[in-house]
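S.K.: Here you go, one structure.
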Amino acid sequence: MDLSNYQFGELLGEGSAGRVYRARTRDGGEVAIKLLRATHESAAERFWRERDLLVQLAAGGGFVPLLESGRSGSGSFLVMPLLSGGTLGERLRRGPLPVELALDLGRALAQSMGRAHAAGIVHRDLKPDNVLFDAEGRPLIADLGLAKYFAQGQDDPSGLSQTGEVRGTPGYMAPEQLADAKRAGPAADVFAIGAILYEALTGQAPFADPTLRGVLVRTARGQVTSPRALRAGIPPWLEAAVLQSLDPDPGRRPATGLALVERLRPPATPVTRPYRGPLLALGGLALVLAGAVGALAWQRSRPKLQVVNHGDAAPEPSAPQNEAAKLPSVPPRGAKTADADAGSEFGDLARLSSERLQLVAVWEGHVGPVNVLHWPAAVGWVFSGGADRSVRAWTLAQPKGPELKRWEDHAGEVRALAEASGATLYVGGDFPQLWIYRIQGEKGLQLNVSQPIHSLDVRAGQLMIGVQGRAFSLDLQTQSKDSQLTLRQFVFPPGLGQVATRSLGRSPADLHFATDGPPDTAPFWISRATQAESGEQGSQAYDPIAGHLGPITALAASADQRRLVSASADGSARVWDLDQRKQVYELQHNLQVRAVAVSPAGDRVATAVADQVIVFALDPLESRGSLKLETTSDRPTSLCFDPDGRHLAVGTQLGLVLVFRLR
């Protein structure tokens, strides 16, 4: 099959993986053609999985049907009808729907998704812009690009969702999906339908906030205004059904789309009071976002829905619907809250400053956890990599952002960053490629390494690449535009097994590996290998040092490679002197250490435990301050010192990058 039978028209929309065009057939009919743009293998697998799911679901109605699919010189493509009724998003921008029409819409979406759930399929990206209307006004669900099989035993051979990924649209993603897209089951779709129905009834997204961070905070905490406080004509039983669908705990929502259909039927005996169940009603009190950063701890102590009532309910909107009543769910980049500058340029986050740690920058952009931070001396920028598959560059000259640059075309979460000579950025993560970017350029070069990358480091003209059970080196001194990139491989001895190389570095004489050790005992190992002048793999002279009793959770090394800090699930962080080949400090914590950083000079260490960051000075050992993301369950997920050791960058579970000056 090819596209010669179609005449392409305007671009209708685009995403990270593809573009959608208006096109005409030879007989004059209009269609929409989706072309795959991304080149990485996982994007192609998702594209063809979407095709297969469309074929499976569209036959029963409720989903946009597939007319044709194939490959052409322009790339892989899907052909679908061009629906004349527009999107639900376009309709809701004009204001709320009549109650009965909104209820019919909710039932139709729940019925369609109920069939998908019965087939073991979850959508994961339901939102108003993915609901289209045909000429008769029937709603059809579109964009199955993030859909997947969820049922145990169901055939989903691609395994495209990785643990910890964030996939979906803020404001419509359930809290469990914000934490990990792989956990999203039918209850996540029920949550999204509840959010759509709330917006259709009230003209306002349930977790609307002027900032992306605010949307994520409200979603994770379950903070929502009572629908009847916004519109008087909503029946109490319908309000109860909508609020139940938005419960932060998936176990308290209707389990599937079909269960939601039943919940959206009027009761035989009218309900006279709103949904209470396990939620917290705050009466007439206005809710203040008192926490420093939002919460994603539904999986530890799941929050209860917090319903705010604002006095008398709003009257029914007149026709035409009042557009001013609708608040955007995710505002334009750079939007500010009314009190964002009250008392501090960082608003409520200013309370994180202390006598020893002064907040000097807050950067918002990532959706989901910030996995890795990198602050190289040659550039002066801070680079962040996240679960949203993006890398972003920031500068202290813009303490509130936005980012200077962004790289997004990655096939999985970004977990490793390195920089060389102020010109080149290396990116690795949950994908079997090393991405190489010119920092001042746009496009990247891919180098296949066959496995996900755990760590990257540049030392003595070598890029060190850590993967499962081995490491590679790339000679940067001979690298040029025209030269072939050749990896040198280091294979660990059989006694280490398939361990993850989580940290590595190179001095002029030696190569250091830090791994999580043999899987049976899980001690900590530091291995030293002297690279031979000849031979593909070099000679291995491994000198292991045992330490931790639990699995390694984080590692960091000083710029001169004299000190390395390791953290473990056993609650300890250990400081190692690589010259003396011994442990010099042990820092005990009550909980698992999630992240560590060591200053370039090796005289300061930072650790992240639960919702707290602690900074230690070494030689002698003393605490030099701490910060606590109190009253929230957001977590610090990554740490990094600046090249002078005077600033500490903190990445969080909710996608923030916070920078503190050490005083």
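The values are calculated or read from the model by the stated rules, or taken from the named source; none is laboratory data. The model shown is predicted, which means the values in this text are computed figures rather than measured ones. Positions of Cβ are generated from backbone atoms using ideal geometry, with glycine treated the same way; all protein chains shown enter the neighbour counts.
S.K.: Can you tell me which residue among 380, 428, 368 is buried (at least 16 other Cβ atoms within 10 Å of the Cβ) and at positive phi?
M.R.: Details: 380 fails: buried (at least 16 other Cβ atoms within 10 Å of the Cβ); 428 fails: at positive phi.
Of 380, 428, 368, the one residue that is buried (at least 16 other Cβ atoms within 10 Å of the Cβ) and at positive phi is 368.
S.K.: Okay, moving on. Go through (1) more than 16 Å from residue 552 (Cα to Cα); (2) modelled with pLDDT under 90 and name the single condition residue 592 misses.
M.R.: Just one mismatch for residue 592, condition (1).
S.K.: Okay, moving on. Show me the helices (runs of 4 or more DSSP H) entirely contained within the stretch 1-119 in which 1 or more residues are modelled with pLDDT of 85 or more and of a type outside the set (Val, Ile, Thr). Full working, then the answer.
M.R.: Values: elements: 41-58, 88-92, 99-118.
Answer list for the stretch 1-119: 88-92, 99-118.
S.K.: Just a yes or no: is a residue in the stretch 626-639 surrounded by 22 or more Cβ atoms within 10 Å (Cβ to Cβ), touching a helix residue (DSSP H, G or I) at 6+ places or on another chain (Cβ under 6 Å) and among the hydrophobic types (A, V, I, L, M, F, W, C)?
M.R.: Looking for residues that are surrounded by 22 or more Cβ atoms within 10 Å (Cβ to Cβ), touching a helix residue (DSSP H, G or I) at 6+ places or on another chain (Cβ under 6 Å) and among the hydrophobic types (A, V, I, L, M, F, W, C), one finds at least one in the stretch 626-639, hence yes.
S.K.: Could you run through the stretch 392-414 and say how many residues are at positive phi and of a type in the set (Asp, Glu)?
M.R.: So the count comes out to 0.
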